[in-house]
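Readers should treat all values here as calculations from the given coordinates under stated rules, not as data from a laboratory. Here the structure is a predicted model, which means the values were calculated and not measured. Positions of Cβ are generated from backbone atoms using ideal geometry, with glycine treated the same way; all protein chains shown enter the neighbour counts.
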Amino acid sequence: MTLELTAAPAAEPVSVSDAKNWLRISHAADDALISSLLRAAREHVETRTGGVLITQSWRERLEDWPRDRLSASGLAVQLKRAPLISVEAVRVRGRNGALTDWDPAEYRVETGEPGRLVAILPFALPRPDVRGGGIEIDFTAGYGETPDDVPAPLRAAILHLVAASYGADRGEGGETPPAPEIVDRLLAPYERVRL
């Protein structure tokens, strides 16, 4: 299984101006640094939670349908990023290497957390003839398009990470509370159990 980001978020969950207010910075000299710290903090939060914050598009490639998810009632594949907004396409690779779209009438999409692709019986499950990237699923995930769509604890975790990183970049110790403890508490309810 591989996962590829096909469309990055259009914005960060926390704006540079909001981060500067949090950090009590009024100058613009560190705007580029703060912007890069915001991106790094978002990516850290997304890695820890297994989710995505601002709407993004992804491509998940599977060798084959997971056999442990096949049963008499069909197939359910949990996608690797959540909350799931939509599935744009499911393609299966044929013997000649060409991809063929799976008819959307033969599966349903369960949005939210976790997001799942569920085969509808009695349709036959399309099988890939080629194992390496035999199945491609294009999907969109995230809480929404704007920072206000992202839960406040996740935005707060980003701010704490940025504050800790910004202070470390400046060689400052001191008054900033230890970010990892605060971040752990803020992220705990959002961390997905990995099977």
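Overview of values
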read-out	value
Cα gyration tensor shape for the chain, rounded if a/c is under 1.5, else prolate or oblate	prolate
Peptide ranges 58-65, 75-82, 124-131 listed from the most packed, as the mean C-beta count within 10 angstrom indicates	75-82, 58-65, 124-131
Nonlocal amide H pairs with Ser86, under 5 Å, H built at 1.01 Å	Thr140
Candidates Leu154, Leu38, Leu121: whichever shows maximal mean-square fluctuation once the chain is modelled as a Gaussian network with Cα springs under 10 Å	Leu121
Cα gyration tensor shape of the range 78-124, rounded if a/c is under 1.5, else prolate or oblate by comparing a/b with b/c	oblate
